[in-house]
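Accompanying notes for the structure given below.
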Amino acid sequence: MPDKLLIEAIREGLFQEMAADERVIVLGEDVGKRGGVFRVTDGLLDRFGEARVIDTPLAESSIVGVAIGAAINGMLPVAEIQFLDFIHPAMDQIMNEAAKLRYRSNGDFECPIVIRAPYGGGVHGALYHSQSIEALFTHIPGLKVVAPIDPYDAKGMLRSAIHDPDPVLFLEHKRAYRALRSEVPDAPYEVPLGKARTLREGNDLTIVAWGWYLQEALAAADEFMAEQQATIEVIDPRSLRPLDSDAILASVMKTGKLLIVHEANKFGGLGGEISAIVAEDAFAYLDGPIMRIAGPEVPAMPYSPPLEQAFLHDKHDIRAAIERLAAY
Amino acid sequence: MSRAKATTTNGAAANGASRRRGRSASKTDNGPGVDALHALEKSELLSLYRQMYLIRRFEERSAEQYAYGKIGGFLHLYIGEEAVAVGAIKALSPADHLVTHYRDHGYALAIGADPGPVMAELFGKETGTTKGRGGSMHLTHVERHFWGGYAIVAGHLPIATGIGLALQYQEQDAVCMCIFGDGATNAGAFHEALNMAAIWKLPVIFLCENNLYAMGTAHQYISAVPSMATKALAYDMKAETVDGQDVLAMYEAARRAVEWCKAGNGPYFLEAMTYRFRGHSMADPETYRDKDEVEQYRSRDPITAYQEQLIEAGVADKAVFEQIDREVEEQLEAAIFFADASPFPDPSTIYDYVYAEPIWETIARNGASEDSEGPRG
């Protein structure tokens, strides 16, 4: 199987879904002639034409709103928000309309849209080009939120998202676009939404991590296991809502210890929800406190390299947390 | 199309039609609406009256049911604006689409929703248009592609543009009509949606009901221009202003808009000048407008004016209208009985239709896990 970069896997997925189904259209800022700010949609315009690859005005509210309207009238739109930081004007459309359509109509309408958005920091993007704000969206019933980081998962989950009858926010970590590769089949395939992936199996400690930090967590776990007798289970939820709570609970019931790692700040972050689920349903199995490694409580990722570095965590921080938790 | 041009065209056509049909239309010989007066069948003309009267009485009966405590929450009555919905919807075909603001009872009824389910929706009953999920502000009519009333002002305009995008892409011979108030024209989504519809030449009719007030604030305080249609000009969009208290003028203007869109010319902006005779909602002290002003507008009631117009034109006599009125009263009596007799939805249905496939996590997070036998039970 050929190795592909994350960006190549997503692009290939878009090509194949558009080729297979004329209802699939792509719209967003600079997605056509420019090929997207990160060039994810490069080549789509030439292949599928202006009617299906639509350069929009810089108006996120209506990019999402138009996608919703097209979707309820039979299309399968894939809207791109250029940076996840830009999505806030579209919050009304996402939360009040897309997530509610099925519910408000008692099942008469549906809203099969995908909103793709690059997110995350570590690329010197500073205040408005670095956010990890997935928790704002995982709070919304009716919306699905996925954040695959592995290229194989990304291609398969994109297909699932496009054909999912509900609205899906599809998060792509921009730092990983050209940094991560994995074996990705040329032919289309689906990876189901709502299913976690266990990357390391272990018995003594569970790490739940997603996004770029999954790499750091894996590196920390591997180093720890190379030196210690203990084994660590590493789970990538991939899908943040619906969340595969069963997989997380089963793992914690086995290991008795849970470390959650995410880039977003801690307060009100998704790690808190995962902690609560485990505390509610697997309390008796816990042998130590649930621990979280998360971003600092600052309103933005600062620009200057030492400041940005101070925001971010790496495998050393995670290794230190593993040591502390393993000692219980 | 400018107002003057429309008047001339219609006047000329009307004179010919007038002679042919032998209907007298002396009062409005040169005005908008005369064309339609002569072009429409008697049954169609009377149907427009019936719909307006149905909406008027539906709203009055709703207010009464609200007072009895049968309807809760926020109730926004359409009284005074009936001619806008009835005239506009008359111009639509079954293939066309509709999205509206939250003052949507009139549109639901005009597009063909049975008063029974609409009243039942207001009552929060299982037989309502969305089984009580939405209530007054969120009515729908699936068969006629009425995608609902929307309660976020201007939030539905981008959705209408998207529906238009799909219609164009699918090469359908249909339009999307989008209803909103003057207040919406000051919101960002309005401008985004109009711009996109214009650059892509989408078949969307933006119909602004200008009733002079955005809830409790007169438009001169919150809009830089008094005419909402001028805002469409910024997007090089065809626009016209029409008398929204004249159902036939309204119908003609909407028909022009439909034809324009279906011919592939892009979107069309209609500003209907109208007035709501009642408060913004049932809980409105109306401190922001004079009683004299309200009385002045009430004297131009779109329903009595239309009835007089039809009587004068010899379409029908008083007895015909009295008969229609009686039938409408009976229909509404039956609708209220239906709503009253219908059951409330089963509380357990609260979890239905969050996603296409039920997701246990949603149910568990809603606190049902304690006594349920779900995956985490």
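Within the range A:300-311, identify whether any single residue is under 15 Å from A:Gly211 (Cβ atoms), modelled with pLDDT of 95 or more and not in a loop (DSSP other than H, G, I, E, B), and answer yes or no. It would help to see each step written out before you state the result.
Narrowing the range A:300-311 to residues under 15 Å from A:Gly211 (Cβ atoms): A:301, A:311.
Among the residues that remain, those that are also modelled with pLDDT of 95 or more are: A:301, A:311.
Then keep just the ones that are not in a loop (DSSP other than H, G, I, E, B); that gives A:311.
Yes, because at least one residue in the range A:300-311 is under 15 Å from A:Gly211 (Cβ atoms), modelled with pLDDT of 95 or more and not in a loop (DSSP other than H, G, I, E, B).
Touching a residue at least 24 places away in the same chain (Cβ under 8 Å), within 12 Å of chain B (Cβ to nearest Cβ), polar (S, T, N, Q) and surrounded by 23 or more Cβ atoms within 10 Å (Cβ to Cβ), is that true of A:Gln131? Talk me through it step by step, then tell me what you get.
Working: touching a residue at least 24 places away in the same chain (Cβ under 8 Å): yes; within 12 Å of chain B (Cβ to nearest Cβ): no; polar (S, T, N, Q): yes; surrounded by 23 or more Cβ atoms within 10 Å (Cβ to Cβ): yes.
When the stated conditions are applied, A:Gln131 does not pass them.
Return the residues of the range B:305-319 that are surrounded by 14 or more Cβ atoms within 10 Å (Cβ to Cβ) and not aliphatic (A, V, I, L, M); say none if nothing qualifies.
Listed by number, the residues that qualify are B:Tyr306, B:Gln307, B:Gln309, B:Glu312.
Would you pick out the residues in the range B:122-144 that are farther than 17 Å from A:Leu101 by Cβ and part of a helix (DSSP H, G or I)?
B:Leu122, B:Ser136
For the range B:209-228, does any single residue satisfy the condition of being of a type in the set (D, E, K, R), within 14 Å of another protein chain (Cβ to nearest Cβ) and more than 18 Å from A:Arg104 (Cα to Cα)?
Pass one, the range B:209-228, residues of a type in the set (D, E, K, R): B:209.
If we keep only those that are within 14 Å of another protein chain (Cβ to nearest Cβ) as well, we get none.
Within the range B:209-228, not a single residue is of a type in the set (D, E, K, R), within 14 Å of another protein chain (Cβ to nearest Cβ) and more than 18 Å from A:Arg104 (Cα to Cα).
Please determine, by comparing only the residues of the range A:250-299 that are outside any helix (DSSP H, G or I), under 24 Å from the mean Cα position of the chain (by Cα) and acidic (Asp, Glu), which one is surrounded by the most Cβ atoms within 10 Å (Cβ to Cβ).
A:Glu263
So, in the range B:173-218, how many residues would count as being buried (at least 17 other Cβ atoms within 10 Å of the Cβ) and part of a loop (DSSP other than H, G, I, E, B)? Spell out the reasoning first.
Taking the range B:173-218 as the starting set, the residues that turn out to be buried (at least 17 other Cβ atoms within 10 Å of the Cβ) are B:174-187, B:189-198, B:200, B:202-214.
Those still in the list that are part of a loop (DSSP other than H, G, I, E, B) too: B:174-175, B:187, B:200, B:202-203, B:211-212.
So the answer is 8.
Name every residue in the range B:248-293 that is within 18 Å of B:Phe180 (Cβ to Cβ), part of a loop (DSSP other than H, G, I, E, B) and not hydroxyl-bearing (Ser, Thr, Tyr), in order of residue number.
Passing the criteria: B:Pro267, B:Arg276, B:His280.
Take the range A:168-214 and flag every residue that is part of a loop (DSSP other than H, G, I, E, B) and aliphatic (A, V, I, L, M). Step through it out loud before you land on a result.
First, pick out the residues of the range A:168-214 that are part of a loop (DSSP other than H, G, I, E, B): A:174-180, A:184-196, A:201-204, A:210-212.
Hits for the range A:168-214 are A:Ala176, A:Ala179, A:Leu180, A:Val184, A:Ala187, A:Val191, A:Leu193, A:Ala196.
State whether the residues of the range B:159-168 include one that is in contact with a Lys or Arg (Cβ under 7 Å, 6 or more places away or on another chain) and closer than 23 Å to B:Arg256 by Cα.
Filtering the range B:159-168 down to residues in contact with a Lys or Arg (Cβ under 7 Å, 6 or more places away or on another chain) leaves none.
Within the range B:159-168 (the criterion being in contact with a Lys or Arg (Cβ under 7 Å, 6 or more places away or on another chain) and closer than 23 Å to B:Arg256 by Cα), the answer is no, since none of the residues qualifies.
Only one of these conditions is not met by B:Pro158: (1) touching a helix residue (DSSP H, G or I) at 6+ places or on another chain (Cβ under 9 Å); (2) surrounded by fewer than 24 Cβ atoms within 10 Å (Cβ to Cβ). Which number is it?
It fails just one condition, (2).
Looking at the range A:109-119, can you tell me whether even one residue there is in the same structural domain as A:Arg52 (by TED's automatic domain parsing), in a strand (DSSP E or B) and closer than 21 Å to B:Trp147 by Cα?
Our first condition is that a residue be in the same structural domain as A:Arg52 (by TED's automatic domain parsing); within the range A:109-119, this holds for A:109-119.
Still in the list and also in a strand (DSSP E or B): A:114-119.
If we keep only those that are closer than 21 Å to B:Trp147 by Cα as well, we get A:114.
Yes, there is a match, as at least one residue in the range A:109-119 is in the same structural domain as A:Arg52 (by TED's automatic domain parsing), in a strand (DSSP E or B) and closer than 21 Å to B:Trp147 by Cα.
Out of the residues in the range B:130-145 that are touching a Gly at 6+ places or on another chain (Cβ under 9 Å) and either more than 7 Å from chain A (Cβ to nearest Cβ) or of a type in the set (Phe, Trp, Tyr) (or both), state the one that is surrounded by the fewest Cβ atoms within 10 Å (Cβ to Cβ).
It comes out as B:Glu143.
Quick one: which helices (runs of 4 or more DSSP H) lie wholly within the range A:4-99 and hold at least 3 residues that are within 10 Å of another protein chain (Cβ to nearest Cβ) and in contact with a Ser or Thr (Cβ under 9 Å, 6 or more places away or on another chain)? Give the steps one after another, and end with the answer.
Details: elements: A:6-20, A:44-48, A:60-72.
Output list reads A:60-72.
The values are calculated or read from the model by the stated rules, or taken from the named source; none is laboratory data. Since we're looking at a predicted model, the values are computed, not measured. Don't worry about glycine lacking a Cβ; one is built from the backbone with ideal geometry, like all the others, and counts go over all protein chains shown.
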